[in-house]
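Each remark here refers to the structure printed beneath this line.
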Amino acid sequence: MRARSVSRGVPHYGEQMNGVGLVLVGDVLAADPVISALVHSLGEAVSEAGLPFLARVVDDADSELDVYHAWHASGAPDAVVVIPAEADDARVALLTRLRIPVVALTHEEHLPGVSAVVLDDDAAADELAAFLDRRGYRDVLYAPDGAGASDASDLRDSAFARLGGRVRALDDATPQAVARAVAEAVAPAAVVAADATAAVAIIAAIRETGRSVPGDAGVLSWNDSLLCRTSDPTITALDRRATEIGRLLGECVLRVTAGGELGRLPAPRAGVAARESA
Amino acid sequence: MAQVSVVKQIGPSSEKTRGAILDLIRSSGTVSRNELVELSGLTGASITRIVKALIEAGLVIETGYGDSTGGKRPTLLELNPRSRYAVGLSLDDAHLTYAVTDLGGRLVGRLVTRGTGQEAPGAVIERVAGELELLLAGLQIDRASVVGIGVAGAGLDIRSRAERASLNAEEWENFAVRDALAASSGLPVVRENDAACAAIGQFWVGRLSASQDFATLYMATGFGCGIVEHGSLARGASSNVGEIGHMVLEVDGPPCWCGSRGCLEMLAAPRRVISDAMAVEGLAAELGLSGAEADVRHDFSAVGRAAAQGHTACVALIEGSARYVAQATLSVVNLLDLDRVYLAGPGFAEAGPIYLRVIRDAVGGLARVRDIHRVEVVLSDPARDAAAVGAASLALQQSLTPHARVGRS
């Protein structure tokens, strides 16, 4: 890693990748509002401190590892952010071997010693379970569909475990099939849709069967997004605090690039943003 | 849609023809040479020659065979998306955002760096040259495969000189962004205001039909309005359509730096919201507002965030601004008979939903055409970098379809 120039205001660039890097696999910036919001605020936090922030989109996981090798060969960035990082993450292992500082978004039990923002999925799951209880939903249907679903299966599994036997994942998650399942469910039922677009379609399908939302059935989105806040009705969603997590990752990166001690910061806890649909 | 205009515009120049055929291949997905003959109206011999040149340049690849219509099965052609790239750059007070797309318009990378702030234009352009190096190195893109740079920035375009006329950025006035950047980067540069870029970005990214006209209202430090008609950007006599920031909303209102009075910018821009916020007792201390010119955007974000969380005084400040923006939007809708308006830009990042509500109420309740058709007002996701992506689209468009060049004499 090249030492950065003393004055942050006057960075020197050459034929090398300095600044802070992030690699994304697939079209997640367009498809996933949670990742998109996180990357946006991370970039703002890093660039406001005078460091360039580069996000690169590649087609597959192998290409991601190739990028780290290429960055290393051409001078290496000041740090790389890995989101989300799992136990024994191959990317973190490679970056560590290449001596490129890493900041990860991960879970408490994973990657000890790696600078990270740490998610508490259990707490998030508790929030969701408590919300559904408070609203008195007896039957909870999960509609795992929609291109914008984030990979949050741990969180989802954990949330569903806390809801006991009341959660049913639907095999057919088309809006019409979900509306039929609502008609057969124990009222009042709640539907957890994969994202806002799916939630909008499901609300329309349920209303077409003569039932009301949220009166007869509540509809929630697994991801919060702009659409949740601006659709009619506005959609109750699991707020994963992506913007704040992005900023925190930025702080963590700046600490690491300034040569500060490694740290693990707890992510703000996800919660339910209660709106009109549930 | 676009194909009709392409065919009409195919001129005698071989460069233009080549660009038009490349655009036909792009918009068709996969296409055979015979289909290109039908779509373009050119002779089979011309198409064969042009396609050969495009394949040799690596821009187009043969991907397989189509169904036979009697004789030999036709070879299908498609764009080779990773053969060329375009860079879009959004010049903004708070951040510089670079978006790189491939020939097919797909985002392959984005770089965010410190904003222009109070930095001298020459210094910013010098920095941009370095950041381009960093960007291309980090994405492993050869400079020779970059077709050009699109630049989105606020302000007027005075022929070859880009003027960024605003209250506290006099140094940007008459500074030739396009020429300076073209000289320092060695790449073709096209410049457009950020609202127009955001509108083009919306058109490409949103896969909108070319038959649908719309406007994009852009708010950063000031306002702009990009208008798309029949799939292309409305330009006006000097490529300066959409100066909505200087729409007069109060004839006896506060004097504006542009020479007029009561302009939208004076009544509703972030700078006005912050000066009003500084007059609310205790608010600056509570939210940590500095009120300094250099911190306008930062302060405005703080007020917007507080408003989004229901802070009464901040909601009132944002609604005060939104009411003027709504009236301006209503006038645009009435003037152009639009059925769709997008709100885009960093100014809507925090309090966008409040602006959206106020604008929807005004337009829904008062548009002259409200009994004839709905007028949709949609908030663009600010994380999508509409201006930078749109600027890359412009650079791409210019190289793919030279007839559509954003030309100025």
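The values are calculated or read from the model by the stated rules, or taken from the named source; none is laboratory data. Model, not experiment: these values are computed from the prediction. A quick note on method: Cβ atoms are made from the backbone with ideal geometry, for glycine too, and the neighbour counts reach across all protein chains shown.
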Q. Restricting attention to the stretch B:65-93, and to residues there that are closer than 30 Å to B:Tyr218 by Cβ and of a type outside the set (A, V, I, L, M), which single residue is surrounded by the fewest Cβ atoms within 10 Å (Cβ to Cβ)?
A. B:Pro81
**Q.** Those strands (runs of 3 or more DSSP E) lying entirely in the stretch B:64-130 with at least 2 residues within 11 Å of chain A (Cβ to nearest Cβ) and in contact with a strand residue (DSSP E or B) (Cβ under 6 Å, 6 or more places away or on another chain)
**A.** B:95-102, B:107-114
Q: List the number of the failed condition for A:Thr257; all other conditions in (1) over 23 Å from the mean Cα position of the chain (by Cα); (2) touching a residue at least 24 places away in the same chain (Cβ under 8 Å); (3) over 30 Å from A:Phe53 (Cα atoms) hold.
A: (3)
Q) Which numbered condition trips up A:Pro11, out of (1) at pLDDT below 80; (2) in contact with a Gly (Cβ under 9 Å, 6 or more places away or on another chain); (3) more than 8 Å from every other protein chain (Cβ to nearest Cβ)? A) (3)
Q) Any idea which of A:Ala185, A:Ala181, A:Ala173 is farther than 22 Å from A:Ala273 by Cα, within 24 Å of the chain's Cα centre (by Cα), hydrophobic (A, V, I, L, M, F, W, C) and surrounded by fewer than 23 Cβ atoms within 10 Å (Cβ to Cβ)? A) A:Ala173
Q. Of the residues A:Val34, A:Val81, A:Val28, which single one is out of contact with any Lys or Arg (no Cβ under 8 Å at 6 or more places or on another chain), within 30 Å of A:Ala198 (Cβ to Cβ), in contact (Cβ under 8 Å) with a residue 40 or more places away in the chain and more than 8 Å from chain B (Cβ to nearest Cβ)?
A. A:Val81
Q. Within the stretch B:355-386, how many residues turn out to be at the interface with another protein chain (Cβ under 10 Å from one of its Cβ atoms) and either without any contact (Cβ under 8 Å) to a residue 60 or more places away in the chain or assigned to a helix (DSSP H, G or I) (or both)?
A. 10
Q) Only one of these conditions is not met by B:Gly58: (1) more than 30 Å from A:Leu22 (Cβ to Cβ); (2) more than 14 Å from chain A (Cβ to nearest Cβ); (3) at pLDDT below 90. Which number is it? A) (1)
Q. Considering A:Asp60, A:Asp133, A:Asp27, which residue is at pLDDT 90 or above and surrounded by fewer than 18 Cβ atoms within 10 Å (Cβ to Cβ)?
A. A:Asp60
Q | Inter-residue pairs, beta-carbon under 6 Å, first within 11 Å of another protein chain (Cβ to nearest Cβ) and in the stretch A:48-70, second in a helix (DSSP H, G or I) and polar (S, T, N, Q), 6+ apart | A | A:Phe53/A:Ser47
Q. Could you say whether any residue in the stretch A:14-22 is modelled with pLDDT of 95 or more, at the interface with another protein chain (Cβ under 8 Å from one of its Cβ atoms) and surrounded by 23 or more Cβ atoms within 10 Å (Cβ to Cβ)?
A. yes
Q: Kindly establish whether A:Gly263 is in contact (Cβ under 8 Å) with a residue 12 or more places away in the chain, within 14 Å of chain B (Cβ to nearest Cβ) and of a type in the set (Gly, Ala, Ser).
A: no
Q. Restricting attention to the stretch A:194-214, does a residue exist that is within 13 Å of chain B (Cβ to nearest Cβ), assigned to a helix (DSSP H, G or I), of a type in the set (Gly, Ala, Ser) and touching a strand residue (DSSP E or B) at 6+ places or on another chain (Cβ under 8 Å)?
A. yes
Q) Which ones in the stretch B:98-130 are under 24 Å from A:Ser63 (Cβ atoms), surrounded by fewer than 23 Cβ atoms within 10 Å (Cβ to Cβ) and not hydrophobic (A, V, I, L, M, F, W, C)? A) B:Asp102, B:Gly104, B:Gly105, B:Arg106
**Q.** Residue check, B:Ala328 in contact with a Cys (Cβ under 8 Å, 6 or more places away or on another chain) and not in a strand (DSSP E or B)
**A.** no
Q: Output yes when any residue across the stretch B:294-311 is at pLDDT 95 or above and surrounded by fewer than 17 Cβ atoms within 10 Å (Cβ to Cβ), and no when none is.
A: no
Q. Restricting the search to the stretch B:277-310, which residues are more than 22 Å from A:Ser41 (Cα to Cα), outside any helix (DSSP H, G or I) and of a type outside the set (Gly, Ala, Ser)?
A. B:Val280, B:Glu281
Q: Quick one: count up the residues across the stretch B:52-84 that are hydroxyl-bearing (Ser, Thr, Tyr) and within 37 Å of the chain's Cα centre (by Cα).
A: 3
